[in-house]
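In what follows, a structure is listed as structure tokens, so that the remarks can point back to it.
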Amino acid sequence: MCSQPILEVTDVTRHYASGRRWPLGSASRVHAVDGVSFTLGERETLGLVGESGCGKSTLGRMLVALDRPTSGTIRYRGEDIHRLSPAGLKALRRKIQIVLQDPYTSLDPRMTVGDIVAEPLAVHGEGTPAERRRRTRELFELIGLNPDHVNRYPHEFSGGQRQRIGIARALALGPEIVICDEPVSALDVSVQAQVLNLLADLQEQLNLSYVFIAHDLTVVRQISHRVAVMYLGKVIEVGPEGAVYGQPRHPYTQALLSSAPPTDPDMAREQEVIMLNGDPPSPAEPPSGCRFRTRCWKAEEVCAVHEPALVEGVTSGHQTACHFAPAVSVQESD
Ligand code: ADP
Ligand code: MG
């Protein structure tokens, strides 16, 4: 599954001017994404999970070059996607696509769904109009919609069907990577499962890689091979799905998992729900040291002074940024 990475994200930040001014007159900065690194392998799904406002969508937009990092690099097959020529960027659009959350606002209500799906083909001058119509019908079949409905309008479809149309559009140019930004968050649970199954089938069929963004841990778990947990612009834990969910090592991940509904009903939930104090701090004024310390029950003085780096635990590739995580893993392995 994880051969050579096709996407390499290295120390990426994105700071926005917040508009608020500090007493000395300099504008404060929103640290939306603040030093994120990860890789994505071929045919791999990396789940990206975290509370609303932690920087997931900002990161997603940078991965498809709709936004530029303040610093750091994003490489697709070794090439920095933010240093491409206009022609290179156009070629990149074929390879990396995005599916957005809201199936009600992300489709143009004045266009037929066939035109919506075919639009990327037309923009890239792909084939004749007749070839594009044929390809559009193929894409409809691929995502499980009736190709005879290409002349209908978005409002004639349900939320789940609209999300399928968004997926068909993203697949039109034959991408290798699809960034899925909360693609099922607006859907009912039963419809969520259908769309997740569709994404998994498409991955098999088309050898796709996904970065799958969601705030819901259960949803992320269903589809991901690896999972990265974000908090206030940073990845605080990353690893294989089984390790992150089975032996979460960061207090934040532990808290999130303790309040998620159990995935295995046979497993008695002995674990108490860990209640976090308050809301996440503002990304314009992140706490010193470890950003999670203001809500963490394990926090000590060191956490305010030193920012913990991601450190590998007992499971290969399972990394956690917590001053207390290494000690926990040593005890566990005794
Ligand atoms: P998520 O997708 O995890 O909910 P976002 O990436 O949308 O988080 O937002 C991360 C932070 O960046 C939030 O505090 C948000 O208000 C801020 N932010 C996002 N986009 C902008 C923007 N264009 N200008 C200023 N701040 C922004
Ligand atoms: Mg978002």
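The values are calculated or read from the model by the stated rules, or taken from the named source; none is laboratory data. Predicted model, so just to flag it, every value in this text is computed and none were measured. For neighbour counting, all protein chains shown are included, and Cβ atoms are generated from backbone atoms with ideal geometry for every residue, glycine included. For the accessible areas, the whole protein counts, side chains as well, though only heavy atoms, and no ligand, DNA or RNA atoms are used. Shrake-Rupley method; radii C 1.70, N 1.55, O 1.52, S 1.80 Å.
Each peptide in 299-306, 218-225, 83-90, 230-237 gets a packing score, the mean of other Cβ atoms within 10 Å over its residues, and the list from highest to lowest is 230-237, 218-225, 299-306, 83-90. A 1.4 Å probe run over the chain, with the rest of the protein chains in place, finds 48 Å² accessible per residue.
Between P283, P261, P175, the GNM of the chain built on Cα springs shorter than 10 angstrom shows P261 fluctuating the most. For the chain, which whole-number percentage of the solvent-accessible area (1.4 Å probe, protein heavy atoms only) is attributable to carbon and sulfur atoms? Result for the chain: 49 percent of the exposed heavy-atom area is carbon or sulfur.
Cβ under 14 Å from R68's Cβ, R68 left aside: what net charge do those residues give with Lys, Arg +1 and Asp, Glu -1? Write down the numbers at each step before the final one.
Values: positive: R14, R61, R83; negative: D67, D80.
Net charge around R68: +1.
Share of pairwise Cα-Cα distances greater than 19 Å in the range 175-233 is 26 percent (whole percent). Ordering L198, L100, L66 by accessible surface, largest first, gives L66, L100, L198; the 1.4 Å probe counts only protein heavy atoms, with every chain in place.
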